[in-house]
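The next block holds one structure in the form of structure tokens; read it before the comments.
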Amino acid sequence: MKDYYKTLGVEKNASKDDIKKAFRKLAHEHHPDKTKGDAASSQKFKEASEAYSVLSDDSKRSQYDRFGSAGPSMGGAGQYGAGGFGGQGGFGGFNAQDFGGFDFSGFTQGGANGQGGVEFDLGDIFGDFFGGGRGRSGASGGSPQRGRQKRGHDVSVDIQMTFEESIFGVEREIHVTKTSNCVTCSGTGAKPGTGMKTCDTCAGKGQVNETRRSFLGTFNTTRICDICHGKGQVPKEKCPTCHGEGVLDRQQEIIAKIPAGIEDGEMVRLSGMGEAVAGGIAGDMYVKVHVKTHQFIQRDGYNLATELRIKLTTAITGGEQTVKTLDGDLVLKIPEGSNNGDTLRIRGKGVPNDRGHRGDFLVKLSVEMPRKLSRTAREAIEKLKGEGV
């Protein structure tokens, strides 16, 4: 008895989505058009298709779980016999409904012009086997749709910045060599002053229809035109700088605006600043920030923190002392009777947040204990001891 679950590599309690994903993976690996007709791969593809046709259908799956592959409506072992198809021109043992969730737009049984073949689009499962594009089949009479627009590669760069720049934000110039639109023709590929003309290969449609045959039948597919890159037009005369490509490698100076409050290791995305591609849209640039440490200030979320050394007498009697912040020197009032390790707060001098407000500047007191005492100081301390201080 055939073990359809083992064929797809899933457990018996697998969900429909798991079954679909398993079949999709096997179809990509073993489709004859990808394996160039390898017999072993073709057989695996047939077995996977048979397993999917059963397990994707609730009724058939229920019967299979009860009776196995020899049960009613299972199709039997002979469904992929000589010729690979049933005599009615359909799939022996499964049909379009067996592929629930897939786009089989344009599917017809019986073939075109009475040839007994099978003609359909396999949509998102098999589209990339034949160059992509989910257009309608030629037999359906529908007009082809535009394929997916090409997109250039993303670019990643690293920059270093000071602690102060990370807190308040900064604009940085980034010099990078990448594929960019040609400045001579502004990305059109045409020699300035000559203009564009209709592409002869695709007749201005931007895509080309192709017909291929496989053991499953005849496939009508649509792909982006290689000549005009999907634009439907080509230069009357090619640009002398980029030779008609519209893009070329060149050095660019890009201004990156780094927002206030960014942290070490964070990335800033610059949309459309990545590599350009002919007939498509540019990728993005990702700027990774490396922040240098500060000599005496640390970051604590949206707060900034530092340590301030004060004399014992200041801690006891209180007073004022200057503290260095990123906003300059500020006078801090030390309360009378401050203890070592106490933290004082200067509001609104910390890290900016998304609402335009700033955190606080935290000052941790470190009381300096005198190493030597004068006679007068010792007498004063002894007097304080006598008073229980």
> Short version: what are the Cα gyration tensor semi-axes of the range 298-386, square root of 5 times each eigenvalue, largest first, in whole Å?
Replying inline: 34, 10, 10
> Taking H as built 1.01 Å from N, whose amide H comes closer than 5 Å to the amide H of Ser214, not counting residues under 5 places away?
Replying inline: Phe219
> Once the Cα gyration tensor of the range 151-237 is found, what semi-axes does its equivalent ellipsoid get, as square roots of 5 times the eigenvalues, in whole Å, sorted largest first?
Replying inline: 42, 23, 8
> Hey, what do the phi angles of the range 320-336 turn into as Karplus ³J(HN,Hα) couplings, whole Hz, using 6.51/-1.76/1.60 and θ = phi - 60°, x for Gly and Pro?
Replying inline: 10, 8, 7, 10, 7, 10, 6, 9, x, 6, 10, 8, 10, 8, 8, x, 5
> Using only Cα atoms, what is the ratio of the radius of gyration of the range 221-299 to 2.2 N^0.38 Å?
Replying inline: 1.72
> Straight-line reach from Lys44: which lysines have Cα under 19 Å away, leaving out those fewer than 8 places along the same chain?
Replying inline: Lys2, Lys6, Lys20, Lys21, Lys25, Lys34, Lys36
>> If amide hydrogens are placed 1.01 Å from N in the peptide plane, which non-local residues have theirs closer than 5 Å to the one on Arg151?
In response: Ile281
> Residue-wise, which Karplus ³J(HN,Hα) couplings in Hz belong to the range 226-233, taking 6.51 cos²θ - 1.76 cosθ + 1.60, θ = phi - 60°, and x for glycine or proline?
Replying inline: 6, 7, 9, 6, x, 7, x, 9
> What spacing in nm lies between the two simple spin-label points modelled at Asn353 and Arg375, each 7 Å away from Cα in the Cβ direction?
Replying inline: 5.9 nm
> How large is the dipole of the range 159-242 about the Cα centre if only Lys and Arg carry +1 and Asp and Glu carry -1, each at its Cβ, rounded to the nearest 20 debye?
Replying inline: 700 debye
> What does the charge add up to near Arg375, with Lys and Arg as +1, Asp and Glu as -1, over the other residues with Cβ less than 13 Å from its Cβ?
Replying inline: +1
>> Run the simple label-point estimate for Phe296 and Lys257 please: 7 Å along Cα→C-beta, distance reported in nm.
In response: 3.5 nm
> For Asn339 and Lys288 in the same chain, what is the full-extension length gain: residue separation times 0.36 nm, less their Cα-Cα distance, in nm?
Replying inline: 14.2 nm
> Using θ = phi - 60° and the Karplus curve 6.51 cos²θ - 1.76 cosθ + 1.60, what whole-Hz ³J(HN,Hα) does each residue of the range 45-56 get, with Gly and Pro shown as x?
Replying inline: 5, 4, 5, 5, 5, 5, 4, 5, 4, 8, 6, 7
> Roughly how large, in nm² to one decimal, is the mean projection of the convex hull of the alpha-carbon atoms in the range 277-320?
Replying inline: 6.1 nm²
> Between Gly204 and residues 5 or more places away or on another chain, which pairs have amide H atoms under 5 Å apart, with H built 1.01 Å from N, and which residues are they?
Replying inline: Cys199
> For Lys44, what is the net charge nearby, where nearby means another residue's Cβ is under 10 Å from its Cβ and Lys, Arg count +1, Asp, Glu -1?
Replying inline: -2
> Setting aside same-chain residues fewer than 8 positions from Lys383, which lysines have a Cα under 22 Å from its Cα?
Replying inline: Lys311, Lys372
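Throughout, read-outs are computed from the coordinates displayed, never taken from laboratory work. Fair warning: this is a prediction, and the values are worked out from it, not measured in the lab. Virtual Cβ from ideal backbone geometry, glycine too; neighbours counted across all protein chains shown.
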